[in-house]
């Protein structure tokens, strides 16, 4: 078995990058595992750096922060402090009696850059370790295993989706997916776009589409606008956010993008693909309350906030809680420690709050870990970080209160509306499982009607299924509703061949 | 046997309280309600929340040697195919048949011996030669030496069985109370006269302990010992595959030996089958580790390796998830079915180990017959609750 690292950081987005470099600079031996081919995560997703163009960073907030972190990653790798493993997904994490964690990884399919493929399976080599490009990574051990005495989980999140009639038509995408195509692949997903859902993330998606040449016909925001600016707690906590909002407002105006508040897409129309959307004014709970209008479009970008990725934390048994935005998140203390000894969590997995907050949490988790290992601390730094994180959390909570998922969203559904697209489970199927078969909780719904049992294992429909289950029982969703739809026994699909190679001890001599 | 529960006894309260809304509880509730009893099912969690949702849904005769369990399995087969025939589609009943494969000639010879023995006791067995294997399963490894085909082996979707049997029972007047935990028994001297629950007292003519792997703890509340222990098993679930990629339940001959073993250490024998939804299920591991819910790398790795040995094409197929469950296991591998003479009024239907789905239908019907004072179609003596010594070394910690 190869070296056991002081810490393995999972995820190379804002939180993971900050955690990895901070830990390395504090003197720890770090493994940094990431599913993408190059660092940055979803937030700083960008085109293949080997073919970079200056405008790839257009619309990127905090790009200098990323550039700084990337430079520190490069330096730490050159110094042999960080072993960077891009293009690999952790599918299983275990903890042995001595407290050592083992991460089992599988190629994510995103890391097939020439530098990583040439080294794959070859074990650690000085050539790959000292490679000059940030995107080139080290190879894990032959079996894809990484061991570490502590973990910092910075697994981020992904778009939260709500089903609506027609959402399974081609041309309907998540807001984050549209953004990823633009930023990661320079691909414009449509010409006439409607961006809908709730939250400030709709704005960069809409302006990004407009900048790339699409006509953005409308941004449909389900809630009232910019309430957080008037929220004394929220606006005062993070003044920079007000500036950011003003910049977006100016961009929206420049591109003449109509911004409709208290408006939702109640139906997506089209034969073989999206042709139009039907939008409706809604009341505070999201019940259609006003005139209905149809808008022609070939692209619909839907975003209802984000769902944190909790697979690895839940696999280790970490305590969770329901956050202000209704998502299940890992419960952490003031030093980013989860309930499991040696497991720190930073970024969206502890509550969706954006990149600035994630970066601060990543730093704090690394500093707290380093201190627990007896490394000297910079006086006052942790205190300042904790204060900043407190302000960031208060701001995030104010945003979540301003942009909630409308309570009556299930009323947009029809009997035939698919909720689980992998297994083609409709809202009617769920209702029947509830009414006739006694499925009163999400887990039982899942077992009797199969939502969340397909390829995505509930990543797309989990939040919606929990919400439907709660709604059918006339109550609010609870952490207990969300947990069975957030935990996955394998955090990523893995071939049986890879599983078979994990442990050779079961093979008898004649096999 | 005296009528233990009858409509005459109580003006208020139930004739029968069933503890546990797993497959055995659901089948018992259904047949009891069908027999005219007023039934209340109490379940501390959700329906099918325990071992009933943690298996493959097997209705097997192929893995059983002659004896009381095979008798119960064959009886259950009739109940599934006759009494419950009209509902079969609701729970995806599929008489797919089981193919038991052998890797070597000596194993084939042993398989033939087992087959002859089973045939004498009413099991249908077809010998399958090496050159016929691919007609049954096109993707089987060419290195296998032979097989035996068991056309009676079938599969159901067990959670749907539970949900629909309870639905049918409710249609017959039964009541199902989930989120209701039994905390004790109502007693009249030795006699059990109902249960205490987190939702209040429930007086009842009889109480049926169908708490599966947790039945020992329920029995303990009545002061009687029923040694049911957890035997952990993992199942791997693959990505959806084209229909009929794997047509039967396919397992290696060593499985029969593993099922009958009492070893606490990990045993794995490959059991591979397709489902209606296209996924392929890969079992079966067995180990006695209490109620440990952490994923065992050793177990899932062994399952994957052994499945690939049977079906080499599975090597590149992806596993999407794994799940685990705790088989309710008794030291002699037989279930506990019938009235408990140590606590009159208390009945048991538990301890079916890994065969509970298949055995549930027969168990439920037999229990209903006995409860209503009829002679059961099958002698329940081998399953007697008081057949175990009063104390033993087998009590393991039983957490919630």
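Take the Cα radius of gyration of the range A:150-209 and divide it by 2.2 N^0.38 Å, N being the number of residues; the result is 1.29. One equal scatterer on each Cα of the range B:146-251, no solvent, Debye formula: the resulting log10 I(q)/I(0) at q = 0.12, 0.13, 0.23 Å⁻¹ is -0.69, -0.77, -1.36.
Comparing Cα centroids, the range B:304-343 and the range B:114-137 end up 23 angstrom apart. Taking every Cα-Cα distance in the range B:324-365 and sorting them into 10 Å bins starting at zero, the pair-distance distribution P(r) comes out as 28, 50, 21, 1 percent. Between the range A:1-75 and the range B:154-205, the alpha-carbon centres lie 56 Å apart. Compute the Cα gyration tensor for the range B:29-69, then decide on rounded, prolate or oblate, letting a ≥ b ≥ c be the square roots of its eigenvalues: rounded whenever a/c is under 1.5, prolate when a/b is larger than b/c in the other cases, and oblate in all that remain. Because a/c hits 1.5 or more and a/b fails to exceed b/c, the range B:29-69 counts as oblate.
For chain A, the longest principal axis of the Cα atoms and the long axis of helix A:381-402 meet at an angle of about 20 degrees.
Shape summary: chain B maps onto an equivalent ellipsoid whose semi-axes, from the alpha-carbon gyration tensor, are 37, 21, 20 Å in decreasing order. Across all directions, the average projected area of the convex hull around the alpha carbons of the range B:6-76 is 6.2 nm².
Inter-chain Cβ neighbour count for B:291-300, averaged per residue, equals 4 (cutoff 10 Å, partner chain atoms only).
Tilt of helix A:202-211 relative to the longest C-alpha principal axis of chain A, in degrees (0 to 90, nearest 10)? Value to nearest ten degrees: 90. Where only DSSP H runs of four or more residues are counted, chain A gives -10000 deg cm²/dmol as its mean residue ellipticity at 222 nm, each run worth -39500 (n - 2.57).
Calculate log10 I(q)/I(0) of the range B:12-158 for q = 0.11, 0.16, 0.20 Å⁻¹, where I(q) comes from the Debye formula with a single equal point scatterer on each Cα and nothing for solvent. Cα-only, vacuum Debye calculation for the range B:12-158: -0.55, -0.95, -1.23.
Over all projection directions, the Cα-based convex hull of the range A:440-485 averages an area of 2.7 nm².
Sorting the segments B:223-234, A:412-423 by their residues' average number of neighbouring beta-carbon atoms within 10 angstrom, most packed first, yields B:223-234, A:412-423.
Averaged over the residues of B:43-55, the number of partner chain Cβ atoms lying within 10 Å of the residue Cβ comes to 3. In the range A:313-431, inverting the average of 1/r over every pair of distinct C-alpha atoms gives 16.6 Å as the Kirkwood radius. Taking 0.36 nm per residue of separation and subtracting the Cα-Cα distance, full extension of the segment from residue A:97 to residue A:455 would add 125.6 nm. Grouping the Cα pair distances of the range A:256-366 into 10 Å bins from zero gives a pair-distance distribution of 13, 30, 20, 21, 15, 1 percent in increasing distance order. Taking the square roots of 5 times each eigenvalue of the Cα gyration tensor of the range B:273-378, largest first, gives ellipsoid semi-axes of 37, 17, 10 Å. Measuring nothing but alpha carbons in the range A:38-116 and taking Rh as the Kirkwood radius, the Rg to Rh ratio lands at 1.04. Which whole-number percent of Cα pairs in the protein assembly as shown have a distance greater than 42 Å? So the portion of pairs separated by more than 42 Å is 41 percent. Model label sites at residue A:269 and residue B:190, defined 7 Å from Cα along the beta-carbon direction, differ in position by 7.8 nm. Take each peptide in A:83-90, A:311-318, count the other Cβ atoms within 10 Å of every residue, and average; sorted highest first, the result is A:83-90, A:311-318. Shown for the range B:35-121 is the translational diffusion coefficient from the Stokes-Einstein equation, using the Kirkwood radius over Cα pairs, a temperature of 10 °C and a viscosity of 1.306 mPa s: 98 µm²/s. Rounded, prolate or oblate: which one fits the range B:81-185, using the alpha carbon gyration tensor with axes a ≥ b ≥ c (rounded when a/c is under 1.5, else prolate when a/b beats b/c, else oblate)? It comes out prolate by the Cα gyration axes. Packing order of peptides B:116-129, A:190-203, highest average first: A:190-203, B:116-129 (average count of other Cβ atoms within 10 Å over each peptide's residues). Taken along its principal axes, the alpha carbon cloud of chain A reaches lengths of 65, 57, 41 Å, longest axis first. Bridges between two residues of the protein assembly as shown, per DSSP, are antiparallel at a rate of about 60%. Available extension along the chain between residue B:85 and residue B:141 is 16.6 nm, counting 0.36 nm per residue and deducting the alpha carbon span.
Please label the shape of the range A:379-511 as rounded, prolate or oblate, based on the square roots a ≥ b ≥ c of the eigenvalues of the alpha-carbon gyration tensor (a/c under 1.5 means rounded; beyond that, a/b larger than b/c means prolate, else oblate). Oblate shape, in that a/c is at least 1.5 and b/c is the bigger or equal ratio.
Counting Cβ atoms of other protein chains within 10 Å of each Cβ in A:421-430 and taking the mean gives 1.
On a C-alpha basis, how far is the centre of the range A:261-280 from the centre of the range B:27-62 in Å? Whole number, if you could? What the calculation gives is 45 Å, centre to centre.
For the range B:263-328, the equivalent ellipsoid derived from the alpha-carbon gyration tensor has semi-axes of 22, 13, 11 Å in decreasing order.
Once the Cα atoms are used to define both axes, helix A:355-372 deviates from the longest principal axis of chain A by about 30 degrees.
Every read-out reported here was derived from the displayed coordinates using simple, explicitly stated rules and does not represent laboratory data. From a predicted model like this one, the values you see are computed outputs, not experimental measurements. When we count neighbours, we look across all protein chains shown, and the Cβ atoms used for this are built from the backbone with ideal geometry, even at glycine.
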